[in-house]
Amino acid sequence: MAEKVVLAYSGGLDTSVAIKWLKDKYHLDVIAVNIDVGCVKDYSALCQKALDIGAVKALVIDGKELFVKYFVFPALQADALYEGQYPLSTALSRPLMAKILVDTAIEEGATTIVHGCTGKGNDQVRFEVSISALAPDIKIMAPAREWKMTREETIDYARKNGIPIPVSVKSPYSIDESLWGRAIECGVLEDPWTEPPDDVFTWTTSPSQAPDKAQYLEIEFKRGIPVRLDGEEMDGVKLIQQLNEIGGRHGIGRIDHIENRVVGIKSREIYEVPAAMILLQAHQALEMMTLSREQMRFKEKVAMEYADLIYNGLWFSQLNRDLSAYIMSSQLYVTGTVRLKLYKGHSLVVGRQSPRSLYNIGLATYDKGDIFNQDSAKGFIDLWGLSVKTQAQVQLLGDKEGPLSIIGPEEPEES
Ligand code: ARG
């Protein structure tokens, strides 16, 4: 009996070719598993295609709810953005896929998990680190790293073997989609000076073509999790799908990022992330109302660590648990509603309210009803500036060049 392997099957060119290649070269029985994190339209067509190419079994597993609950929403609560720009749409999906692949391999009695990543990307790292954390004895194969075919050669292989070439292959881009966003690489995008052409974008209208009428949205959060959209209670999957739709229509969520990959390469990445952008913006606006200054400063550091950890493939780590515990605790009072205005590629927060708001009109107002004690400001400033005043007198004002030398440092020379 042939050895069984579980293949992470996207239905794209590489993983389709992999089915045939594994069968011909290593005589393996391939079980193709697609994990739907938000973009599969036709489950049975996807399975049929894998079977037609030669898989012994094909499954599509709906991972949308798990993805949103255990990956997307924690990242939203954290305000996680890799390098301040990328909401981690691909990166967040990989550990979930790894978990489902491992479970399936065990159920099916497979010895090996196969993925379609090349040796240049982050996804191979995320898959393999996660799989080996969850099941150290399962073997891993990466045919696209092994066969060393160029894209042209892969297409040729598909043609020769009667493997249907997906429509997406006719486009020069490499694409990955989840509910949390769409990532586009390759083709003309590899020139960082070239503006992304219109055909790159499929989720978002060009801002110049977006509706002339602004649209308002109200998003209600409970402990940092969005629970209602425009007053209607909604599960996370549906809420994100709707926001992708609405935001996309208004041209929101295009990102052009020169990104530092784990493997040491800088790459040019284009993203479309309407829902992520709107939700992150709304969530942060609510935090500004409900977290103290100290919590916000600290949380920013945690967000950076958390984003790096997700990007770098370290999801299944105790550091994740440690950071998650803080993030969850920080969300205790992040409850309330944010109002946004969407207009031609921009979303703006225009209102926010919370039963736990720290914004106190009596303290903030310049009008009647002011309860702030202005007399206490003077004594506060005396003490606040005391160390600066002391140091300036002893170390900064006494320079030979005179008082102006304290304005700024000298420019270093180029090497
Ligand atoms: N650069 C992004 C990341 O590493 C997106 C990668 C897209 N993946 C892909 N296989 N096309 O998370």
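The values are calculated or read from the model by the stated rules, or taken from the named source; none is laboratory data. Quick caveat, the model's predicted, so the values are computed rather than measured. All Cβ positions, even for glycine, are placed from backbone atoms using ideal geometry, and neighbour counts span all protein chains on display. Surface accessibility is based on the protein's heavy atoms, side chains included, excluding ligands, DNA and RNA. Shrake-Rupley method; radii C 1.70, N 1.55, O 1.52, S 1.80 Å.
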**Item:** Members of the stretch 130-151 found to be outside any helix (DSSP H, G or I) and either at pLDDT below 95 or more than 15 Å from residue 112 (Cα to Cα) (or both), listed by number
**Value:** 147, 148, 149, 150
**Selection count, the stretch 305-329, where residues are within 16 Å of the ligand (Cβ to nearest atom) and either assigned to a helix (DSSP H, G or I) or of a type outside the set (S, T, N, Q) (or both)** = 9
**Residue, least open to solvent (accessible area, probe 1.4 Å), within the stretch 340-357, restricted to residues that are more than 16 Å from residue 290 (Cα to Cα) and not in a strand (DSSP E or B)** = 345
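Return a yes/no flag: does the stretch 84-91 have any residue that is more than 26 Å from residue 275 (Cβ to Cβ) and of a type in the set (Gly, Ala, Ser). I'd like the intermediate steps shown before the answer.
Narrowing the stretch 84-91 to residues more than 26 Å from residue 275 (Cβ to Cβ): none.
Among the residues of the stretch 84-91, not one is more than 26 Å from residue 275 (Cβ to Cβ) and of a type in the set (Gly, Ala, Ser), which makes the answer no.
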**Message:** I'm checking my understanding of the structure. Among residues of the stretch 124-154 that are within 16 Å of the ligand (Cβ to nearest atom) and open to solvent by 50 Å² or more (accessible area, probe 1.4 Å), which one is farthest from residue 93 (Cα to Cα)?
**Reply:** 151
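Matching residues to (1) within 16 Å of the ligand (Cβ to nearest atom); (2) modelled with pLDDT under 95; (3) out of contact with any strand residue (DSSP E or B) (no Cβ under 9 Å at 6 or more places or on another chain):
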residue	(1), (2), (3)
156	no, yes, yes
167	no, yes, yes
191	no, no, no
205	no, no, yes
210	no, no, no
228	no, no, no
**Prompt:** How many residues are open to solvent by 10 Å² or more (accessible area, probe 1.4 Å) and either more than 17 Å from residue 39 (Cα to Cα) or of a type outside the set (Lys, Arg) (or both) if we restrict to the stretch 231-260?
**Reply:** 18
**Item:** Unmet requirement for residue 187, which otherwise passes all of (1) touching a residue at least 24 places away in the same chain (Cβ under 8 Å); (2) open to solvent by less than 50 Å² (accessible area, probe 1.4 Å)
**Value:** (1)
**Prompt:** Filtering the stretch 103-129 down to residues that are in a loop (DSSP other than H, G, I, E, B) and among the hydroxyl-bearing types (Ser, Thr, Tyr), which residue is modelled with the highest pLDDT?
**Reply:** 111
**Message:** I'd like the residue in the stretch 95-115 that is within 17 Å of residue 177 (Cα to Cα) and open to solvent by less than 20 Å² (accessible area, probe 1.4 Å) and, out of all such residues, is nearest to the ligand (Cβ to nearest atom).
**Reply:** 115
